[in-house]
Amino acid sequence: MLKVIRYTVAVLLLAIGGLWAHAWFTHAPGQSMADAFGQRLAQVFGQDMQVPSAAGVVQLPPGISLGGGFNLTRQDGVAVTERDYAGQWMLIYFGFTYCPDVCPTELGRMADVIDMLGPLAGRVTPAFITIDPERDRPDHLADYVSRFHPRLQGLTGTTEQIAAVARQFRVFYARANSPNATDYLMDHSSFIYLVGPDNRVRSLFRPDTAVEGMARMITGQLRAAAPS
Ligand code: NI
């Protein structure tokens, strides 16, 4: 009997992981992964299946792990890895500085959330990782991030380094069609990631998540975790 239950659970976990992967590969540009995943779930289980998110906070399905280490370059030109943020929680947003609306809005919201954390804010490092490393060089990032929050880290890297970190966070990005080689837009998924000191994503916040809700959720997770 136990064997049967274990087997069933394993099959279910595999199925959910597969659906998430399928949603990742098939979601439309601009469509959030939560929406895409919800759609795939609905296709399999029927329309009654709830999207695993509440008030914009997406809980990762069991068996799905996002996040990990990275090799990037900070806005002051210094090479950094996840070890430079050891013991820290991070709020990470992926975007590009030439983004006309979504990225500035989300970075502004991220800055607001950091300020709302009060004394706990010191345990959380906010970071902006560019998915347009060709144009977003360190000096350019330095100017950009300073407009949002004094503690906001701007991270760039080689094309390969950015691809590697984006893969770990399942970030979708692609250059939008443009005849111009230097003046172009990027399509990209838009989530704010809460990452624990173990470099694993704890929560994803959709763009429509209220800042108060995000701050409350992060405060809860920081208080529940042992002080680092
Ligand atoms: Ni953007």
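Coordinate-derived values only; no laboratory data. Predicted model only: the values in this text are computed from it and were never measured. Here Cβ is always computed from backbone atoms with ideal geometry, including for glycine, and neighbour counts include all displayed protein chains.
Below is a table of values for the structure above.
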| read-out | value |
| --- | --- |
| Rounded Å value of the spacing that divides the Cα centres of the stretch 133-174 and the stretch 49-116 | 11 |
| Zone of Glu134's modelled label, taken as backbone nitrogen in the stretch 151-187 under 12 Å from a point 7 Å along Cα→Cβ | 159, 174-186 |
| Percent antiparallel among DSSP beta bridges (both partners in the stretch 46-156, rounded to 5) | 40 |
| DSSP beta bridges in the stretch 71-225 [antiparallel fraction, %, rounded to 5] | 60 |
| Extension gain, Thr105 back to Arg83 (0.36 nm per residue minus Cα-Cα distance, nm) | 5.0 nm |
| The stretch 109-188 shape via C-alpha gyration tensor axes, a/c threshold 1.5 | prolate |
